[in-house]
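Report on the following structure.
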Amino acid sequence: MSKLLLAAAAVAFSATAGFAADLPNKKAAAEPIVVSPWDFAVGATLTSDYIFRGISQSNHKPSVWGRGELRYNINSTWQLYAGISGESIKLSPTLPSPALELDAIAGVRATFGSLGVDVGAIVYGYPNTPAALWPRTLTWWEGYIKPTYTINDMITVGANLNVTPSFLNSGAGGTYLSATAKLSLPNDIALSGEFGRQWLGKTDALFGPVNLPDYNYWNVGASYTYKIATVDLRYHGSDLSKTNCAVISGVSRYCGHRIVGTLSFDLTSKDLK
C-alpha cells in the first residue's frame with residue numbers, strides 16, 4: 001500500500017512540476033513604446049491677396065505659399081523649432097519687383113497648462129531685389145513673443161509682440177502689438193479676429209530720412225477645416241490713408257479694406273500615423 005501511495009505521489013509531483021515549468025517565472029514585460037522627440041510640419045497655401053498687417057504684398061493678386069518646419073520636443077512642456085517659407089509677391093505694380101519672399105524662422109514654444117508661449121525670430125528675405133525698387137536689399141528681421149491662453153474648449157485668446165531694429169531694412173525701428181481671439185464652433189468651424197497697432201520710426205539718411213506713420217490694423221473672419229485642409233474668408237482693414245500707405249509701401253492703393261479668401265493645407269507627422 002505504501003508503495004502505491006509513493007508511486008502516486010511521484011506521478012502527481014512530476015505532473016505538477018512539468019506544468020509549472022511551462023509557466024514563466026515572472027510576468028513578461030511589455031515592449032516599451034519609443035516615441036521620437038522629432039516632429040515636422042509642412043503646408044501650402046493659395047490666397048486671393050497676400051496681406052501683411054493691412055498692406056498688400058502681391059498687388060492685390062493671388063499669392064502661393066509653401067512652408068516647412070522641423071520640431072524637437074524636449075519634453076511635454078518645451079519644443080524647439082526651425083522652419084522656412086516662401087511666398088509669391090509683387091511689391092510694385094510698375095517697378096521691377098522681387099517675385100519671391102523667402103522667410104526663415106526659429107524659436108521655442110512652451111505649454112503650461114492652458115497657457116502657451118512662443119518666442120523666436122523671423123528673417124524676411126527678398127532674393128534678387130531690383131535696385132530700381134530700393135537703394136538696398138529689403139531683407140530684415142523681427143523678434144517676437146506670442147502668448148496664447150485657452151479659456152475653454154471653445155475660446156482662445158492671445159497676443160503678438162513683434163520688434164525690429166530696421167523695418168524693411170530702412171533704418172526705421174518698428175514695434176507691432178496685437179490682440180487675437182478665436183471661437184471654435186461645432187463641425188470644425190471657427191471665428192477669429194485680430195486688432196493691432198504698428199509703430200514705426202524714422203528711416204535712415206539713405207531713405208530720406210522720413211518719419212514712417214503709425215497705424216491700426218485689424219482682421220476678422222471665419223474658417224472651416226476638413227482633415228488637413230482649411231478654407232478661410234477674412235476681412236482686412238486699417239486706418240492708413242492713401243498718402244501714408246504710399247509712404248510705407250510706395251503704392252497708395254496697396255492698403256484699404258479687403259475681403260480675402262484662402263485655401264491652405266497643413267500636414268504633421270501625426271497625420272501620417
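The values are calculated or read from the model by the stated rules, or taken from the named source; none is laboratory data. Treat the numbers as computed from the prediction; the structure is a model and nothing was measured. No Cβ is skipped: glycine too gets one built from the backbone with ideal geometry, and neighbour counts run over all protein chains shown. Surface areas here come from the heavy atoms of the whole protein model, side chains and all, with no ligands, DNA or RNA. Shrake-Rupley method; radii C 1.70, N 1.55, O 1.52, S 1.80 Å.
Worth pointing out:
- Tallying residues that are of a type outside the set (Val, Ile, Thr) and over 24 Å from residue 119 (Cβ atoms) within segment 74-97 yields 8.
- Of everything in segment 114-133 that is open to solvent by 60 Å² or more (accessible area, probe 1.4 Å) and more than 19 Å from residue 180 (Cα to Cα), the residue that is nearest to the chain's Cα centre (by Cα) is 123.
- Qualifying residue in segment 65-72 (condition: in contact with a Pro (Cβ under 7 Å, 6 or more places away or on another chain) and either within 30 Å of residue 252 (Cβ to Cβ) or in contact (Cβ under 8 Å) with a residue 12 or more places away in the chain (or both)): yes
- Only a single criterion out of (1) open to solvent by less than 30 Å² (accessible area, probe 1.4 Å); (2) under 24 Å from residue 42 (Cα atoms) is not satisfied by residue 138, namely (2).
- Checking residue 171 against (1) of a type outside the set (Asp, Glu); (2) open to solvent by less than 70 Å² (accessible area, probe 1.4 Å); (3) part of a strand (DSSP E or B), the condition it does not meet: (3)
- Residue list for segment 214-255, restricted to those being within 27 Å of residue 191 (Cβ to Cβ), part of a loop (DSSP other than H, G, I, E, B) and open to solvent by less than 60 Å² (accessible area, probe 1.4 Å): 240, 255
- Residue match in segment 78-88 (condition: acidic (Asp, Glu), more than 30 Å from residue 252 (Cβ to Cβ), modelled with pLDDT of 95 or more and surrounded by 13 or more Cβ atoms within 10 Å (Cβ to Cβ)): no
- Test: residue in segment 192-202 that is among the hydrophobic types (A, V, I, L, M, F, W, C), touching a helix residue (DSSP H, G or I) at 6+ places or on another chain (Cβ under 7 Å) and surrounded by 17 or more Cβ atoms within 10 Å (Cβ to Cβ): yes
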